[in-house]
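Below: one structure, written as structure tokens.
The values are calculated or read from the model by the stated rules, or taken from the named source; none is laboratory data. In this text, all values refer to a predicted model and were calculated from it rather than measured experimentally. Counting neighbours? That spans all protein chains shown, and the Cβs are built from the backbone with ideal geometry, glycine included.
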Amino acid sequence: MKYVVRSLKYLVFLCVLYVALVWLMYAVGSAPQVSPWLQIEAQLQSDRGVWMVVAFVVLAALYPLFGFMRGRVDGINFNEDSVRLINAMQVHGFRLDEERDGVRLFRADTFLRRAMLMWEDRIEVRPTATGVELYGLRRTVARVMFQLKAYVHNSRFE
């Protein structure tokens, strides 16, 4: 069910982005001075419009597969290095939301950041035998993983 909800969110995001771009072109004057709704209607009745809708649906259907990732960072102790972990998350705009069953859940700290991440702003951090495992949006998890690896590397010289 979570997969379908994420796909639908992304489909809505793509549609809103498309409408916003048409309105922006109309406002700037780079598009014919016809109502943006008439432009969208004409676009959707053409072959290109049909292919655009198909592309939106395919992208939205595949988004949960390539938009989320699970990554591991070795060399971090879940309990002893919790300050480093929390600091790394704060650097990237996330705060500790809750901790349950040995899993720390981080959320974006501002409403704007949450909206930009389409309310898929949760990063789960779990302990592993050699470090921690992160799960969430690919771009945010990759950034936090890079920060944590830098902390691990720098801690060797302390």
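Could you list, in sequence order, all residues of region 1-24 that are free of Cβ contacts under 8 Å to residues at least 12 places away in the same chain and either of a type in the set (S, T, N, Q) or farther than 20 Å from residue 67 by Cβ (or both)?
Residues satisfying the conditions are 20, 21, 24.
Scan region 109-126 for residues that are more than 20 Å from residue 3 (Cβ to Cβ), surrounded by 14 or more Cβ atoms within 10 Å (Cβ to Cβ) and at pLDDT below 90 and jot them down.
109, 113, 114
Would you call residue 50 at pLDDT 90 or above, more than 25 Å from residue 117 (Cα to Cα) and either exposed (fewer than 12 other Cβ atoms within 10 Å of the Cβ) or not assigned by TED's automatic domain parsing to the domain that holds residue 125 (or both)? Can you show your working first?
Details: at pLDDT 90 or above: yes; more than 25 Å from residue 117 (Cα to Cα): yes; either exposed (fewer than 12 other Cβ atoms within 10 Å of the Cβ) or not assigned by TED's automatic domain parsing to the domain that holds residue 125 (or both): yes.
For residue 50, the condition - at pLDDT 90 or above, more than 25 Å from residue 117 (Cα to Cα) and either exposed (fewer than 12 other Cβ atoms within 10 Å of the Cβ) or not assigned by TED's automatic domain parsing to the domain that holds residue 125 (or both) - is met.
Residues in region 73-87: is at least one of a type in the set (A, V, I, L, M), in a strand (DSSP E or B) and farther than 27 Å from residue 1 by Cβ?
There is at least one residue in region 73-87 that is of a type in the set (A, V, I, L, M), in a strand (DSSP E or B) and farther than 27 Å from residue 1 by Cβ.
Residues to consider are 83, 22, 91, 73; find the one that is of a type in the set (A, V, I, L, M, F, W, C) and either touching a Ser or Thr at 6+ places or on another chain (Cβ under 8 Å) or outside the structural domain of residue 123 (by TED's automatic domain parsing) (or both).
22
Residues in region 140-158: is at least one in a strand (DSSP E or B), touching a strand residue (DSSP E or B) at 6+ places or on another chain (Cβ under 8 Å) and in contact (Cβ under 8 Å) with a residue 12 or more places away in the chain? Give the derivation first.
Step one: filter region 140-158 for residues in a strand (DSSP E or B), giving none.
No, every residue in region 140-158 fails to be in a strand (DSSP E or B), touching a strand residue (DSSP E or B) at 6+ places or on another chain (Cβ under 8 Å) and in contact (Cβ under 8 Å) with a residue 12 or more places away in the chain.
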